[in-house]
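The values are calculated or read from the model by the stated rules, or taken from the named source; none is laboratory data. The model shown is predicted, which means the values in this text are computed figures rather than measured ones. Counting neighbours? That spans all protein chains shown, and the Cβs are built from the backbone with ideal geometry, glycine included.
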Amino acid sequence: MDAARLGFTPGTVIQELGWDEDVDDDLRSAIEKHVGAELVDGEYGDVVDGVILWWRDGDDDLVDSLVDTLQDLVEGGTIWLFTPKVGQPGYVPGADIAEAAPVAGLSTTTTSSTGTDWAVTRLTSQKR
């Protein structure tokens, strides 16, 4: 998966939430290489340009997790919600994402495949 195709931009600060052993490390590396910096975690303490959220069915409430992504996100920033694909443990139906996003104040833009195990839904924060 090409990080540029997912909408990542060189020189941006990207926060990563929901990391666990099952994430796509090759994709993470490609994103870091493309943006030119390591991904920052939830303890970063400054504004970020975008947020990667790895989320699986059975994690905390999706709306709450999406709201948490907004804490450090610059106005109009992008959230990449990575969820397991159909047939993978922790699969999240697209309807759940479509329902949760507007409740969290987000708009869904695109959903695409990122490899064998993960799908990504790109969300944008609504201007406050």
**Request:** Could you figure out which of (1) modelled with pLDDT under 95; (2) outside any strand (DSSP E or B) isn't true of THR109?
**Result:** (2)
**Qualifying positions in the range 112-128 - of a type outside the set (Val, Ile, Thr) and assigned to a strand (DSSP E or B)** = SER112, SER113, TRP118, ALA119, ARG122, LEU123, SER125
**Message:** Condition (residue is at negative phi, among the aliphatic types (A, V, I, L, M), surrounded by fewer than 16 Cβ atoms within 10 Å (Cβ to Cβ) and at pLDDT 95 or above) applied to the range 77-88: is it met by at least one residue?
**Reply:** no
**Residue in the range 55-71 that is hydroxyl-bearing (Ser, Thr, Tyr), over 20 Å from ASP2 (Cα atoms) and either surrounded by 14 or more Cβ atoms within 10 Å (Cβ to Cβ) or within 12 Å of the chain's Cα centre (by Cα) (or both) present** = yes
**Message:** Looking at ASP49, ASP68, ASP41 in this structure, which one is under 26 Å from VAL86 (Cα atoms) and among the charged types (D, E, K, R)?
**Reply:** ASP68
**Asked** Does the range 74-82 include one or more residues that are free of Cβ contacts under 8 Å to residues at least 40 places away in the same chain, out of contact with any Cys (no Cβ under 6 Å at 6 or more places or on another chain) and not hydrophobic (A, V, I, L, M, F, W, C)?
**Response** no
**Asked** Can you find even one residue in the range 60-77 that is farther than 19 Å from ARG122 by Cβ, of a type outside the set (Phe, Trp, Tyr) and in contact with a Phe, Trp or Tyr (Cβ under 7 Å, 6 or more places away or on another chain)?
**Response** no
**Asked** Does VAL35 fit the bill of being among the aliphatic types (A, V, I, L, M), modelled with pLDDT of 95 or more and in contact with a Pro (Cβ under 7 Å, 6 or more places away or on another chain)?
**Response** yes
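Let's see how each residue does on (1) surrounded by 18 or more Cβ atoms within 10 Å (Cβ to Cβ); (2) within 12 Å of the chain's Cα centre (by Cα); (3) without any contact (Cβ under 8 Å) to a residue 40 or more places away in the chain:
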| position | (1), (2), (3) |
| --- | --- |
| ALA4 | no, no, yes |
| GLU16 | yes, yes, yes |
| TRP19 | no, yes, yes |
| ASP25 | no, no, yes |
| ALA30 | yes, no, yes |
| LYS33 | no, no, yes |
| GLY36 | no, no, yes |
| VAL40 | no, no, yes |
| LEU53 | yes, yes, yes |
**Complete:** Of those in the range 40-90 that are in a loop (DSSP other than H, G, I, E, B) and aromatic (Phe, Trp, Tyr), the residue nearest to TRP118 (Cα to Cα) is TRP55
